[in-house]
1. If I filter the stretch 82-135 down to residues being in a strand (DSSP E or B) and among the basic types (K, R), which single residue comes out as nearest to R156 (Cα to Cα)?
2. Kindly indicate which of E133, E76 is touching a Lys or Arg at 6+ places or on another chain (Cβ under 8 Å) and free of Cβ contacts under 8 Å to residues at least 40 places away in the same chain.
3. Mind checking which residues of the stretch 154-179 are under 20 Å from A12 (Cβ atoms) and of a type in the set (D, E, K, R)?
4. Just wondering, is there one or more residues in the stretch 103-124 that are open to solvent by less than 30 Å² (accessible area, probe 1.4 Å), at positive phi and touching a residue at least 40 places away in the same chain (Cβ under 8 Å)?
5. Does A148 satisfy the criteria of being closer than 17 Å to Y162 by Cα, open to solvent by less than 70 Å² (accessible area, probe 1.4 Å) and not in a loop (DSSP other than H, G, I, E, B)?
6. Among the residues in the stretch 81-99, are any open to solvent by 20 Å² or more (accessible area, probe 1.4 Å), farther than 19 Å from R163 by Cα and touching a residue at least 40 places away in the same chain (Cβ under 8 Å)?
7. Of the numbered conditions (1) free of Cβ contacts under 8 Å to residues at least 12 places away in the same chain; (2) surrounded by 16 or more Cβ atoms within 10 Å (Cβ to Cβ), L157 satisfies every one except a single condition; which is it?
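The values are calculated or read from the model by the stated rules, or taken from the named source; none is laboratory data. Quick caveat: nothing in here was measured; it's all calculated off a predicted structure. Here the Cβ is made from the backbone with ideal geometry for all residues, glycine too, and neighbour counts use every protein chain on show. Keep in mind that these areas ignore ligands, DNA and RNA; they rest on the heavy atoms of the full protein, side chains included. Shrake-Rupley method; radii C 1.70, N 1.55, O 1.52, S 1.80 Å.
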Amino acid sequence: MSTIHTTFREAAVLVPVYRDAAGDLQLVLVRRGDFGVHGGQLAFPGGKRDPDDNSLLSTALRETEEEIHLPPTSVEVLTQLPAVSTNASGFRVTPFLGRITRPAEEWRWMEHEIAEVLEVSVRHLADPATHGEELVQFPNWPDPQQIAFYRVGEYRLWGLSYRIIRPLIAPLLAGKWDI
């Protein structure tokens, strides 16, 4: 039987975007390490709010620096996005869209939490051929669930991260924010 949460733990993520040398809009994702509830999943850098964080934005920036070594000085926050809750793990996640200055060198990351950093073209995600749906049986759920996702190489971007990025693709491509 699935667990329905009535109280949620606070968390925050950064939705990092930048324009590459060709002017294409790129989204930065992480692939979580192969452990825990979210093992192997594509996600945005971020995590649980610590008692020392003075805001959810502080959480998102701190976690981003810890996970992918992107300092807050390389992030210009464009907007706070609507919070998204997940019954599966009991989090209410506040995302922040941020224009970033990509590191000049290769990405570095916290290896015990992150398996890799991926840069994905927003135009790629807008292509209907990358979108799919699949019936999935989760261990704690009584019935299979229809899950929508984006294909990102050999991976699938689904769940909370999918729900955060899906409504952003058209406005990003339309130039709603100066990136």
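1. Just the residues of the stretch 82-135 that are in a strand (DSSP E or B), to begin with: 84-86, 91-100, 114-121, 131-135.
Among the residues that remain, those that are also among the basic types (K, R) are: 92, 99.
Numbers: R92: 22, R99: 24 Å.
Looking at residues that are in a strand (DSSP E or B) and among the basic types (K, R), I get R92.
2. Working: E133 fails: touching a Lys or Arg at 6+ places or on another chain (Cβ under 8 Å).
Result: E76 is the single residue among E133, E76 that is touching a Lys or Arg at 6+ places or on another chain (Cβ under 8 Å) and free of Cβ contacts under 8 Å to residues at least 40 places away in the same chain.
3. Within the stretch 154-179, R163, R166 meet the criteria.
4. Checked against the condition, which is being open to solvent by less than 30 Å² (accessible area, probe 1.4 Å), at positive phi and touching a residue at least 40 places away in the same chain (Cβ under 8 Å), the stretch 103-124 yields no hits at all.
5. Numbers: closer than 17 Å to Y162 by Cα: yes; open to solvent by less than 70 Å² (accessible area, probe 1.4 Å): yes; not in a loop (DSSP other than H, G, I, E, B): yes.
For A148, the condition - closer than 17 Å to Y162 by Cα, open to solvent by less than 70 Å² (accessible area, probe 1.4 Å) and not in a loop (DSSP other than H, G, I, E, B) - is met.
6. Checked against the condition, which is being open to solvent by 20 Å² or more (accessible area, probe 1.4 Å), farther than 19 Å from R163 by Cα and touching a residue at least 40 places away in the same chain (Cβ under 8 Å), the stretch 81-99 yields at least one hit.
7. (1)
For every residue, the table says whether it meets (1) among the acidic types (D, E); (2) within 24 Å of E66 (Cβ to Cβ).
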{"position": "R108", "(1), (2)": "no, yes"}
{"position": "L118", "(1), (2)": "no, yes"}
{"position": "R123", "(1), (2)": "no, no"}
{"position": "Q137", "(1), (2)": "no, no"}
{"position": "W141", "(1), (2)": "no, no"}
{"position": "I147", "(1), (2)": "no, no"}
{"position": "E154", "(1), (2)": "yes, no"}
{"position": "I165", "(1), (2)": "no, yes"}
